[in-house]
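These notes concern the structure reproduced below.
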Amino acid sequence: MRYFRLKVDERVKNRVELAPMSPLQVKDILKETQGQKQQEDPLFLAVHTNPQTVYPDFLEFPLPLVSDQVKVLLEKYVPGLEWRAAILTDFQQARQDIYWLLRPPMEDCLSAQTEWYPNHTLKRLVLRQGELESPIFRIRGLIEPHIYIHLAVAESLLRRSLTGIRVQRVEMEA
């Protein structure tokens with residue numbers, strides 16, 4: 001099986017940028033066990049734009065956000081995915097765009113071959129073979145909130161005319 005990390009396409013210039021958030025805010029928003037009321041409330045996120053700003057279909061940092069089109073596609077692969085509306089607000093242009101905070105299931109799939117830097121950030125990711133249940137997931141034990149997808153999901157995303165999405169192959173255990 002092949003898996004890929006969902007990434008922002010760095011070639012897209014003038015991408016919309018979220019206002020800075022503290023690591024604690026990000027961690028709290030991404031937490032697995034949130035109360036039902038908090039999940040129903042949309043996030044209101046300020047953005048910085050200019051006249052050439054592009055709103056891509058995927059934003060990776062500080063939170064994994066996807067457009068409606070990507071949300072519909074991902075729900076076909078995992079109907080029970082957790083979502084939370086995120087309203088990107090540009091106060092200067094008086095514009096609001098709805099994105100979706102992607103909170104896929106956490107998988108415990110790190111191989112013993114995974115390498116770490118001394119500060120416990122990821123140096124080289126290696127996944128265990130045949131241990132993944134969901135085609136869209138995050139990895140338990142990683143500080144980085146990256147989204148990982150199965151080959152079929154990656155192919156579906158790349159076949160559509162989406163903006164700002166790239167995939168990077170993940171190494172699997174031999």
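The values are calculated or read from the model by the stated rules, or taken from the named source; none is laboratory data. Everything quoted here is computed from the prediction, not taken from an experiment. Don't worry about glycine lacking a Cβ; one is built from the backbone with ideal geometry, like all the others, and counts go over all protein chains shown. Quick note on the areas: whole protein, heavy atoms, side chains included, nothing else; ligands and nucleic acids left out. Shrake-Rupley method; radii C 1.70, N 1.55, O 1.52, S 1.80 Å.
When the residues of the range 32-43 are filtered to those that are over 19 Å from I87 (Cα atoms) and either of a type in the set (K, R) or open to solvent by 90 Å² or more (accessible area, probe 1.4 Å) (or both), which remaining residue is modelled with the highest pLDDT?
My answer is E32.
Run down L24, L45, L74, L63 and say which single residue is in a strand (DSSP E or B), of a type outside the set (K, R) and within 24 Å of F137 (Cα to Cα). Reasoning before the result, please.
Values: L24 fails: in a strand (DSSP E or B); L74 fails: in a strand (DSSP E or B); L63 fails: in a strand (DSSP E or B).
Answer to the check: L45.
Mind checking which pairs have a first residue in the range 157-172 that is touching a residue at least 12 places away in the same chain (Cβ under 8 Å) and farther than 18 Å from K13 by Cβ and a second that is crowded, with 18+ Cβ neighbours inside 10 Å and of a type in the set (F, W, Y), Cβ under 8 Å, 6 or more apart or different chains?
Here the result reads V167/F4; Q168/F4; R169/Y3; R169/F4; V170/Y3; V170/F4; V170/Y148; M172/Y3, each pair linking the range 157-172 to a residue that is crowded, with 18+ Cβ neighbours inside 10 Å and of a type in the set (F, W, Y).
Could you tell me which of the residues A85, A152 is more than 13 Å from the chain's Cα centre (by Cα), over 21 Å from L24 (Cα atoms) and of a type in the set (A, V, I, L, M)? Give the steps one after another, and end with the answer.
On the way: A85 fails: over 21 Å from L24 (Cα atoms).
Criteria check complete, one pass: A152.
For the range 90-140, name all the residues that are among the aromatic types (F, W, Y), without any contact (Cβ under 8 Å) to a residue 40 or more places away in the chain and assigned to a strand (DSSP E or B).
The initial filter retains those residues of the range 90-140 that are among the aromatic types (F, W, Y), namely 91, 99-100, 116-117, 137.
If we keep only those that are without any contact (Cβ under 8 Å) to a residue 40 or more places away in the chain too, we end up with 100, 116-117, 137.
Those that are among the aromatic types (F, W, Y), without any contact (Cβ under 8 Å) to a residue 40 or more places away in the chain and assigned to a strand (DSSP E or B): W100, W116, F137.
When the residues of the range 68-121 are filtered to those that are open to solvent by less than 20 Å² (accessible area, probe 1.4 Å) and among the polar types (S, T, N, Q), which remaining residue is farthest from A19 (Cα to Cα)?
Per the stated criteria, the residue is S111.
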